[in-house]
Each structure stands twice: as structure tokens, then as C-alpha cells.
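Have a look at the structure below before the remarks.
The values are calculated or read from the model by the stated rules, or taken from the named source; none is laboratory data. All values reported here derive from a predicted model rather than from experimental measurement. Glycine gets a Cβ as well: all are built from the backbone with ideal geometry, and neighbour counts include every protein chain shown. For the accessible areas, the whole protein counts, side chains as well, though only heavy atoms, and no ligand, DNA or RNA atoms are used. Shrake-Rupley method; radii C 1.70, N 1.55, O 1.52, S 1.80 Å.
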Amino acid sequence: AAHHTQEYPGPELVVRRGQVFTLRLELSRALEDQETIIFTLETGPQASEDCHTKAVFQISEPDVGQNWTAVEEAQTENTMTVSITSPPNAVIGRYLMRTRVSSRRKQNDRKLGEFVLLFNPWCPEDDVFLDSEEERQEYVLNDSGIIFRGVEKHIRAQGWNYGQFEEEILDICLSILDRSPLHQNDPATDVSHRHDPIYVTRAISAMVNSNNDRGVVQGQWQGKYGGGTSPLHWSGSVAILHKWFKGRFKPVKYGQCWVFAGVMCTVLRCLGIATRVVSNFNSAHDTDRNLSVDKYVDSFGRTLEDLTEDSMWNFHVWNESWFARRDLGPSYNGWQVLDATPQEESEGMFRCGPASVTAIREGDVHLAHDGPFVFAEVNADYITWLWHEDESRERVYSDTKKIGRCISTKAVGSDSRVDITGLYKYPEGSRKERQVYRKAVRKLFGVEAPGRRTRVRRAGSRGLWREDLMEPATKPSVTGKFKMLEPPMLGHDLRLALCLANLTSRAQRVRVNLSGATILYTRRPVAEILHESHTVRLGPEEEKKIPITISYSQYKEDLTEDKKILLAAMCFVTKGEKLLVEKDITLEDFITIKVLGPAVVGVAVVVKVTLVNPLLERVEDCVLMVEGSGLLQGQLSIDVPSLEPQEKASVQFSITPSKSGPRQLQVDLISPHFPDIKGFVVIHVATAK
């Protein structure tokens, strides 16, 4: 309990570094005056004192230093109580402890046993020290959390079961380090670096994805999940980590960004590093590192996939971990970005970070690791180009998207969303923001950017950098906006309007080309579901609405599990002006969870889940999947009776909590006829009286 490790299951001793723990030794006889006990500790293969993977020390006076120490606390005739303290920068991992009596030089050391040493956020001398007890409870010990997904205007919370204290998870997390190519190539050196959270987190960031190294999770962004599990079916990390471990380290299919982030949060919390999951809305994936996301569209506003290499995802999820940056200096201590989603290679492997959040905010993109990529994720510009058939391109005005919005994480001690955008950048348009932007450009390209919105462009395919004083596209004399006329519900027709307004005192004609597509959360189009043209005459300062209906039958076959649709209107105004209007829609669904009675450890309690068939047709073969650490063992699968069109129904089941405190229960309604409908509830479990 003193080490905050009592939640780890099993009989093995688990302790944190830089903190004392006590052993009671039973001796065959009392020690004589000149005798003492010598301890030997080893971790990893070819352990050596030079590499700090081996320590040999004897019972002595207390020593406040960077070494392992043993102090005798009490002795009776044949028993001795000894306090052992590890240095706050000790290598973490599984140790073998042996001992011998000093007078018996030739005697072989006797094996006492093994224990696991973890990072210690409670120890002020540890690089991972975090000063707030509330934050340590949340970011180290909380075994469930919330991941924010959706779109900027409609952010949705999804529960996630981290489960870092479940059976075998600690062993699996240690084996992730041992399966890393860094370890396979040079085990002794790799283990000797495991005192350093910078090294450990970077290694884990590479191992959570399966690119390069048969890591834990295989990514898939094509919308096809044959031979595996859809990323949206997972509700926690435990099943994924068990599957990888039991399948002899075969990558688990499939993950997307929130899955990689959820798994990495489990691993780092388990090893003792304070970690949280962060969502960035309108997140740039800037492949050519020019700080702009260049999107090419046709005359209907449809993305031209073969020309558009950069992308802007509806949201992207990564991690932040809290530790000191001895390599950069104390001003960069604190939250560090780590991203296990395989997007770009870093020093030859798919990994990202740790990048100091402070360095990103200050534009210090030259500092280790991967600053330019993370800076672009939250700061790039979104630029739209109309591609003509003669292969010329033209800048199109589009004010719908600003990159790096509503950067979100779960609040400490509650389920609310906290906006942490201010940790990543200064207020949009402020003088400080422009200064930081210019500094980042200078560090990246070695050139001065005269203003915030002048862009440094890549010239041709030769990879030369030149300054291109690109003026933003001129603001057109007509504005456009999509407006929902009723909430977009899964299984229903979508009703909305394109609202056009003439800003001038002269009449104008507008040709509108409308397109709509089902998309993945990366905004990659899956199938077109709308394609129509209108011509509208707008009188002086007149506003008009073009009504749009997309029937359920139009989108039902091609809707992905992301439940997202992208609408685009390319507007051609008199005098050659062009305007692109876009709207991302997430379809809504319904599920509620109610606990019928008080929740007490060891006592069964009934849970009632109310759900609605979203479709205008009868559905069968629905299954309710239930999971929650400390509430039930593994996953519960419940068959749901057939549901009439739009029928509301209830399912009841009982759970027997095994752990007290706030516990997250997750439910997932799975059907072959519509995308998953998920919900979660936090249950406060009391200890049995």
C-alpha cells in the first residue's frame, strides 16, 4: 500500500523506485559480530554494475545517495528485518535478488526471489515525479477513462477500460519492452537504458503499433476489417494485450488512433508513468512538412485522392506522459506528447515523441523528438485547391476549417471534458501566436516568414524550399453554410439546407455543385451518396436556402462504423469567384444504462440497459457486449431479442463487483445491420460492511 501497488494481482512483490521496502529474513543461526549479509540484485541478461543492471551491497548505515542500500531495522535470534531502498533513477523491470553471509566467501549466493521495480511518481527525486495526489490517482492509478471522438462541433465521449491491474497485464507490459528491436539487437544495453522515461516511452510508442516490429496492434484505415476486429468494437486494452501475448506476439487486428492511444496509456500507467489520452479535433497529417494541409478538389468539392497526400482528420488521439526532460532542460519538463499511431517514420521506425508540449507551444520544433510533426498537427493551415482538367490549380476560399481545435482530455476526478488547447498554442490571431509561427518556420526551413499567413512552400518535386508569398484566396462576395433542420439520427433521412447570403448590393447568380460521401474519421471518402447541381439567383443582400434531403436508403449501404458523412458545396459566383462549403455530420444514436440498487463488493446488482432499434425495419441477431475492470471478469455477451422498427427495449443482467471505488461499465450493442452503439456509466462501488 505504501508503494501504491496493492492493486497489482498475484503474489509477486511490486515496488516503486526511490522508496524503501522491508524484508524479513529467517536465518539458520544468529549472525556473529563481524558478519553481515550481502545482497546481489540483477535485472536483464548480462547484468553488470557498470550498466547499473546489477547491484551488490551489504547491510550498512543509511545512505542518502544514488545507490541501493540495506539497513537493519530489527533482529531477534534467528530473524532479521531489513529495509532496502532503491535509487530514484534505478533501471525498472524484474529483478532477481540473491544473498549470502559475508564470512562465507566461497558459498554460492542463495536465491531469495524476484520482484518488479516500477517508476515512482510519488518520489520527488524520480524524473516522473508528479506533485499532485489527485493527478497521480487519475493518471497512474485510474484503470478506466474517457476518449473523446466525433467532430469539433459534436464531441462524443467513449469509455475505455485501461485495466492496468488486470491479471498478467504487468508481465505483458514488461514483455513489450523485451520484444522491442532495441532489446532483440542488444539486450544488455537496452535494459541499461530503462531507467530513463524518455527512452522507455519512445520504445513503447514504437511497439504499440505493429509496423517494423511485430508490435501489439495492426492499423487499418480502409474501412475493411476482414480477418480481425473492427477498431470500433474494442472497449479497452485488456483483451488486445491478452490476445497479443497469448497469440505469441502476433499483431492484433485492427486498431485506429484511439486504440493505439488507449493501449499505450495502459502500458505506461502500468509501468508507473503518469499518462493521459488527448484528442485533437481537425488534426493535420502533414506528409511533406510544409506546415500546410493541401487538399485538391474537383468542381463538386470532392477530394481528389490521388493528388491529396496531406490530410486533415476529424480527430486524432495521442498520449501525454509527465516527466522531466534532462536532455532539453527544466523549462521543457512536464507533459510530453507520445503517439503510437503509425503515421510517419521517426529515425527509421514508426513512432512519435516524446515531444515537449511546452516546446510545441513556444515553436521550439528543433528539439527532440518529432516536434515538426506534432507542431503541424495543431498549427498547419488547411488550403483548398480546385484542380482543373488542364492540370492547373486555383486557390479556393474555404473558412470552414481551422486546424488544432478543442484539444481535449478527461478531467481529473470526473467525466467532464477539459479543453487544453492553450497548452499547445497561444490564442489564434494573437501577436504571440504569430511570433511562435515565425520562429517555427525559421527553425524548420532556415528562412524568415514575413507574416503569420505567408506560407513556405515546397518547390516542385526536387524538395527545395522556397518562399512563396501566397496570398490567401480572396474572400468571396457570397457566404455559404450548411444547417441541419433536425438532428441527424442513425436510420433516419437527413434533412438540412445550404444557406447562401449575398453580401453585396447587386444581384448575383450562383451555380452550386453539391456532393456528399460517407467517410472514415480520417475524412477519407468511402462512397458518394449525393451529386446534384442548382443555380440560384440572389437579389441584393438576399439570403436563400437550398433544401437537401439524403434518404436512409441512400447512405445505409455505405455508412462506415464511424457513422460520418461529409457534404461539400462548390459555389461558382459571378465574376469568377469560388467558394467551398463543407460540413462533417456524425449520426446520433441512443442507449442508456441504469444500475438498479447500490453497488457493493461481492454482492450481485442488476443493470438495466435501454436501447432503440434505429432502423425503420425489424432487426435480429443483435448482441450486447459488456465489460468493466473490477465489475466483472472478462467480457459478458448477451443476445438481444429481435427488435421491431424503432422499438425501444430493455435488457437486464447482473454483475458482482470485485473492487471498490469508481468503476466504469461499458456496453456495446453490436448488430450486422447498423454500426455499433456504445455507452458507459461510472458505478461507485462501496466496500462490503
Subject >> Neighbours by Cβ (under 6 Å, 6+ apart or cross-chain): first from the range 499-515, among the hydrophobic types (A, V, I, L, M, F, W, C); second part of a strand (DSSP E or B) and open to solvent by 50 Å² or more (accessible area, probe 1.4 Å) >> reply: CYS499/LYS481; CYS499/LYS483; CYS499/LYS545; LEU500/LYS544; ALA501/THR479; ALA501/GLU543; VAL512/HIS534; LEU514/GLU532
**OP:** Name the residue, out of GLU152, GLU166, that is buried (at least 23 other Cβ atoms within 10 Å of the Cβ) and out of contact with any His (no Cβ under 6 Å at 6 or more places or on another chain).
**Re:** GLU166
**OP:** Give, as residue ranges, the strands (runs of 3 or more DSSP E) completely inside the range 553-641 that count at least 1 residues that are closer than 30 Å to ARG395 by Cβ and open to solvent by less than 10 Å² (accessible area, probe 1.4 Å).
**Re:** 564-573, 577-586
Subject >> Residue ID - nearest to ASP310 (Cα to Cα), chosen from residues in the range 396-428 that are open to solvent by 50 Å² or more (accessible area, probe 1.4 Å) and modelled with pLDDT under 90 >> reply: LYS402
Original post:
Can you pull out the residues in the range 358-390 that are under 16 Å from ASN280 (Cβ atoms), open to solvent by 10 Å² or more (accessible area, probe 1.4 Å) and either in a helix (DSSP H, G or I) or of a type in the set (Gly, Ala, Ser) (or both)?
Top reply: ARG361, PRO372, PHE373, ASN379
**OP:** Return the total of residues in the range 235-256 being aromatic (Phe, Trp, Tyr) and more than 16 Å from ILE172 (Cβ to Cβ).
**Re:** 1
Original post:
Which pairs do you get when a residue that is of a type in the set (S, T, N, Q), found in the range 1-12, comes within reach of a residue that is surrounded by 13 or more Cβ atoms within 10 Å (Cβ to Cβ), reach meaning Cβ atoms under 6 angstrom, with the pair 6+ apart or on two chains?
Top reply: THR5/VAL14
Original post:
If a residue has to be modelled with pLDDT under 95 and part of a loop (DSSP other than H, G, I, E, B) to count, how many in the range 267-301 make the cut?
Top reply: 6
Original post:
Could you say whether any residue in the range 650-672 is touching a residue at least 12 places away in the same chain (Cβ under 8 Å), aromatic (Phe, Trp, Tyr) and open to solvent by 30 Å² or more (accessible area, probe 1.4 Å)?
Top reply: no
**OP:** Provide a single number: the residues in the range 194-248 that are outside any helix (DSSP H, G or I), within 17 Å of the chain's Cα centre (by Cα) and either of a type outside the set (S, T, N, Q) or at positive phi (or both).
**Re:** 8
Subject >> Residues (in a loop (DSSP other than H, G, I, E, B) and open to solvent by 10 Å² or more (accessible area, probe 1.4 Å)) located in the range 77-86 >> reply: GLU77, ASN78
Original post:
Could you list, in sequence order, the residues of the range 87-108 that are assigned to a strand (DSSP E or B), closer than 25 Å to PRO121 by Cβ and open to solvent by 40 Å² or more (accessible area, probe 1.4 Å)?
Top reply: ARG94
Subject >> Residue satisfying all of: in the range 605-642; touching a residue at least 24 places away in the same chain (Cβ under 8 Å) and among the hydroxyl-bearing types (Ser, Thr, Tyr); nearest to SER235 (Cα to Cα) among these >> reply: SER629
Original post:
Looking at the range 514-545, which of its residues are open to solvent by less than 30 Å² (accessible area, probe 1.4 Å) and farther than 17 Å from ILE565 by Cβ?
Top reply: VAL536, LEU538, GLY539
**OP:** For residues that are open to solvent by 10 Å² or more (accessible area, probe 1.4 Å), part of a loop (DSSP other than H, G, I, E, B) and under 20 Å from ARG17 (Cα atoms), tally how many sit in the range 109-122.
**Re:** 1
Original post:
Only one of (1) open to solvent by less than 40 Å² (accessible area, probe 1.4 Å); (2) not in a loop (DSSP other than H, G, I, E, B) fails for VAL128. Which number is that?
Top reply: (2)
Original post:
Are any of the residues in the range 323-339 under 17 Å from the mean Cα position of the chain (by Cα), closer than 30 Å to THR586 by Cα and either open to solvent by 20 Å² or more (accessible area, probe 1.4 Å) or free of Cβ contacts under 8 Å to residues at least 12 places away in the same chain (or both)?
Top reply: no
**OP:** Hey, could you check the range 176-216 for residues that are of a type in the set (D, E, K, R) and over 26 Å from PRO121 (Cα atoms) and say which is least open to solvent (accessible area, probe 1.4 Å)?
**Re:** ASP213
